[in-house]
Amino acid sequence: MLDYLDDECQKEFNGLKAYLDDMKIPYVVNPKIVRGLDYYTKTAFEFINDNLGAQSAISGGGRYNSLVGQLGGKETPGIGFAGGFERLILSMESENLGFGETPKPDTFLVAVGENAKAKAMGILAQLWTNGISAESALNKESMKAQMKAAGKSGCKFTLLLGDDELANNSIAVKNMETSEQVTVSLDELVSELTK
């Protein structure tokens with residue numbers, strides 16, 4: 001099959017292999033790979049784990065640049081794949097890989113009052129944008145319920161925002177390990193948390 005690639009397909013295939021090489025992703029070119037659906041175009045792939053015996057494919061898929069057009073839509077490039085969770089779990093078990101613990105957030109934002117809850121989404125977005133994991137339970141009305149959720153989350157810091165803090169453009173930051181609490185300007189929140 002590789003002997004019959006036209007210039008465009010050969011160039012694209014070489015580019016794909018170069019990307020895989022640059023990302024240090026090991027691969028094997030298998031010209032005999034066959035996907036069961038005829039709408040694939042250009043590259044098809046499978047992820048294999050040799051520890052699984054004859055049923056070694058964990059997932060597979062490929063490009064389907066013509067599929068949307070065949071269904072009457074505008075020509076749209078695409079890629080798709082399907083995988084078997086059972087095989088993936090067997091693969092992880094064969095390599096003694098754990099499923100890990102649920103990650104704990106860096107922060108948990110408690111917002112009390114309508115105005116604080118309105119401001120909270122912007123604060124959460126700012127934290128996420130700066131690589132600080134954050135959770136909240138803004139659907140819970142009471143401070144007590146939100147603080148309980150914060151405690152269950154295992155967060156490092158709880159951020160407390162209410163009407164008083166809003167009036168002063170500040171937020172309280174409580175260290176959940178030491179119970180120490182400081183109030184910082186909202187403008188300095190990210191720098192305070194990244195110390």
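The values are calculated or read from the model by the stated rules, or taken from the named source; none is laboratory data. Just so it is clear, the structure is predicted and the values come from calculations on it, not from any experiment. All Cβ positions, even for glycine, are placed from backbone atoms using ideal geometry, and neighbour counts span all protein chains on display.
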### Query
residue 55 is checked against (1) more than 27 Å from the chain's Cα centre (by Cα); (2) surrounded by 13 or more Cβ atoms within 10 Å (Cβ to Cβ) and fails just one. What number does that condition carry?
(2)
### Query
Among the residues of the stretch 67-85, is there at least one that is part of a loop (DSSP other than H, G, I, E, B), more than 18 Å from the chain's Cα centre (by Cα) and within 16 Å of residue 159 (Cβ to Cβ)?
no
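Across the stretch 186-195, what is the total count of residues that are surrounded by 11 or more Cβ atoms within 10 Å (Cβ to Cβ) and farther than 17 Å from residue 111 by Cβ? Can you show your working first?
At the first step, the residues of the stretch 186-195 found to be surrounded by 11 or more Cβ atoms within 10 Å (Cβ to Cβ) are 186, 188-193.
Subsequent filtering for residues that are farther than 17 Å from residue 111 by Cβ retains 188, 190-192.
Residues that pass the stated criteria total 4.
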### Task
Would you list the helices (runs of 4 or more DSSP H) that sit entirely within the stretch 104-195 and hold 3 or more residues that are over 26 Å from the mean Cα position of the chain (by Cα)?
114-129, 143-153, 163-167
#### Entry: Selection within the stretch 93-145 - without any contact (Cβ under 8 Å) to a residue 24 or more places away in the chain, in contact with a Gly (Cβ under 9 Å, 6 or more places away or on another chain) and in the same structural domain as residue 169 (by TED's automatic domain parsing)
none
### Message
I need the full set of residues from the stretch 15-29 which are more than 18 Å from residue 44 (Cβ to Cβ) and not acidic (Asp, Glu), in order please.
### Response
18, 23, 24
### Task
Could you list all residues from the stretch 9-58 that are in a helix (DSSP H, G or I) and touching a residue at least 40 places away in the same chain (Cβ under 8 Å)?
51, 52
### Query
Of all the residues that make up the stretch 100-149, how many are more than 18 Å from residue 195 (Cα to Cα), surrounded by fewer than 16 Cβ atoms within 10 Å (Cβ to Cβ) and out of contact with any helix residue (DSSP H, G or I) (no Cβ under 7 Å at 6 or more places or on another chain)?
16
